[in-house]
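Asks: I have a structure here, written as structure tokens, and I will follow up with some questions on it.
Since every read-out is calculated from the coordinates, none of them should be taken as a lab result. Here the structure is a predicted model, which means the values were calculated and not measured. Backbone-built Cβ (ideal geometry, glycine too); neighbour counts: all protein chains shown.
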Ligand SMILES: Nc1nc2c(c(=O)[nH]1)N[C@H]1C(S)=C(S)[C@@H](COP(=O)(O)O)O[C@H]1N2
Ligand SMILES: [Mo]
């Protein structure tokens, strides 16, 4: 490097190296399940920031939150890389050998990844408690550190050159050598961000606007929520379910063994605890698997066991109390709607636990441990309810908010209502903002664990603006909580209301 090389160029060299390392990291994560540093940083941030602040921001951003957090953390990584580049530039100027600089950067980057970010992200030093394992984490981090240190060292030393070469030309050469991979890396990361926003992010259920939902949601339309930037891809080879803790006979089960057990099918509705009033983060599926309590009977639960900890391949964990585990309808499932679980829904095995919000329905399940205390899972550590009982909800799907109907003509109003395993006993609709109410018809639900579809015919007499409101009662006769509450921490409450304009019938 020429003695006068400005800090600007050493910074951009470090930033570029960090960008390339980020791409390498995503590739390693997709191929070998190596932990993703931005994910670990994001996990740490969400656990640190006061939940109120965090959820206020996230609620406003909805499903854009994940790609934005990812982008933010990558930008942070690039800035850090830039600073390390500046430091390395100083070392070059002080005459330290490129080899020493390379070694220093390699060690520094590895230490940051393996000994700072990994434990901060909750997977222990070098991913000791990660399902990816110490070996994969150590090697993955080493490869990433190698790319970073290599690119910085090359970048700083290659700028050294024949002083006879015209500086403009040198700049051009450097741009070609480093700008092109940098631009490719940036494009790759941007594309990753976009695909994160489109699919592997957080997706509400899709259903045709202004229509009733179908009782069972098509798999392609099913809502998806996961904490991950990159979901795990579990290969059956090497996968097993382990059952341990306060039990008499610790066991591991292969996928085929689980599929060979007598199976049951149940239709249940799943709802995310962060679903807003009127929201679409809920779907109904037909699940195939077997009762968890049958498996527990086999391994011999000890009397002291009070909770089960569920751990997954994405280092997600949660717990359920024994009463929920022993519920006859709590299942370990491997099929959704008659086909093996799609990856985003937890292939090869997940938990389905009736009456409790989605977060406790662990996907990509790897182990079950019986313990004798309570246990705070991933979302509980971030302020969400541990009991997580589904709130009674109801939603208007037809007509749409700000839709219109015609005066003097019967219009069908309808939607869904859900109260977990308590079922729905009654739904009422108001077409005057909640002053008067009329009972809706309830279609027989697919099962006692699902939403119901309700409808009511409405013939508005006069043109004008109307507010429609819906409310439901659960199977125990308890009315839906009408107080408006945000989803955090216990799930949203409040009544869904929409505005409808009634047009005069044209003559
Ligand atoms: N392993 C794992 N399981 C998980 C999650 C996760 O991030 N990792 N997210 C939970 C949340 S918050 C919800 S709402 C449901 C969503 O299930 P679905 O994507 O199949 O609809 O999965 C739950 N199980
Ligand atoms: Mo959720």
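Asks: For a quick protection proxy, order the peptides 419-430, 103-114, 210-221 by their average other-Cβ count within 10 Å, most packed first. Mind dumping the intermediate values first?
Replies: Values: 419-430: 21.2, 103-114: 19.1, 210-221: 15.6.
Ranked by mean Cβ neighbours within 10 Å, highest first: 419-430, 103-114, 210-221.
Asks: Is the C-alpha gyration tensor of segment 70-212 telling us rounded, prolate or oblate? Criteria: a/c under 1.5 is rounded; beyond that, a/b larger than b/c is prolate, otherwise oblate.
Replies: Details: a/c = 3.43, a/b = 1.50, b/c = 2.29.
Here segment 70-212 falls in the oblate category.
Asks: Pairing the Cα long axis of helix 37-48 with the longest principal axis of the chain, what angle in degrees results, from 0 to 90 and rounded to the nearest 10?
Replies: Taking Cα atoms only, the helix is inclined about 60 degrees.
Asks: So for each of 408-414, 18-24 I average, over its residues, the number of other beta carbons within 10 Å; can you give me the resulting order with the highest mean first?
Replies: Top to bottom by mean Cβ count within 10 Å: 18-24, 408-414.
Asks: Additional query: Highest mean first, what order results for 75-81, 36-42 on Cβ atoms within 10 Å?
Replies: Details: 75-81: 18.1, 36-42: 23.1.
Ranked by mean Cβ neighbours within 10 Å, highest first: 36-42, 75-81.
Asks: Moving to a separate point now. Computed FRET efficiency, Cβ-Cβ of residue 461 and residue 425, R0 35 Å: what is it to the nearest 0.05?
Replies: On the way: r = 30 Å, r/R0 = 0.87.
Using R0 = 35 Å, I get an efficiency of 0.70.
Asks: Show that you can apply the helix-only estimate: for the chain, add -39,500 (n - 2.57) for every DSSP H stretch of four or more residues, divide by all residues, and state [θ] at 222 nm to the nearest 500. Don't skip to the end; give the middle numbers.
Replies: On the way: 11 runs with 159 residues, N = 507.
It lands at -10000 deg cm²/dmol.
Asks: On a full-extension model of 0.36 nm per residue, what is the gain between residue 87 and residue 190, subtracting their alpha-carbon distance, rounded to one decimal in nm? Kindly include the intermediate steps, with their values, before the conclusion.
Replies: Numbers: separation 103, 0.36 × 103 = 37.08 nm, distance 2.76 nm.
Extra length from residue 87 to residue 190 when fully extended: 34.3 nm.
Asks: For segment 228-382, what class follows from the C-alpha gyration tensor (a ≥ b ≥ c being the square roots of its eigenvalues): rounded when a/c is under 1.5, otherwise prolate if a/b is larger than b/c, else oblate? Don't skip to the end; give the middle numbers.
Replies: On the way: a/c = 1.41, a/b = 1.18, b/c = 1.19.
Cα axes put segment 228-382 in the rounded bin.
Asks: As a footprinting exposure proxy, order 171, 497, 456 by other Cβ within 10 Å, with the fewest listed first. Kindly include the intermediate steps, with their values, before the conclusion.
Replies: Numbers: 171 12, 497 16, 456 19.
Neighbour counts put them in this order, fewest first: 171, 497, 456.
Asks: Okay, next question. Kirkwood hydrodynamic radius, computed over distinct alpha-carbon pairs, for the chain: how many Å, to one decimal?
Replies: Details: mean 1/r = 0.0391 Å⁻¹.
By the Kirkwood definition, the hydrodynamic radius is 25.6 Å.
Asks: Let me ask something additional. Angle check, please: helix 180-195 long axis (alpha carbons) against the longest principal axis of the chain (alpha carbons), in degrees 0 to 90, nearest 10.
Replies: Long axis of 180-195 versus the principal axis of the chain: about 10 degrees.
Asks: Contour minus end-to-end for residue 198 and residue 478, with contour as 0.36 nm per residue of separation and end-to-end as the Cα-Cα distance?
Replies: Values: separation 280, 0.36 × 280 = 100.80 nm, distance 3.85 nm.
The span from residue 198 to residue 478 would gain 96.9 nm if fully extended.
Asks: With a cut-off of 8 Å between alpha carbons and a minimum separation of six or more residues, what is the relative contact order of the chain in percent? Provide the component values of the computation, followed by the final result.
Replies: On the way: 1051 pairs, mean separation 65.7, N = 507.
Relative contact order of the chain: 13 percent.
Asks: In degrees between 0 and 90, to the nearest 10, how far off the longest principal axis of the chain does helix 98-110 point, with axes built from Cα atoms?
Replies: It is inclined by approximately 20 degrees.
Asks: Using a 7 Å offset from the Cα along the Cα-to-Cβ direction at both residue 80 and residue 265, what is the distance between the two label points in nm, to one decimal?
Replies: 4.9
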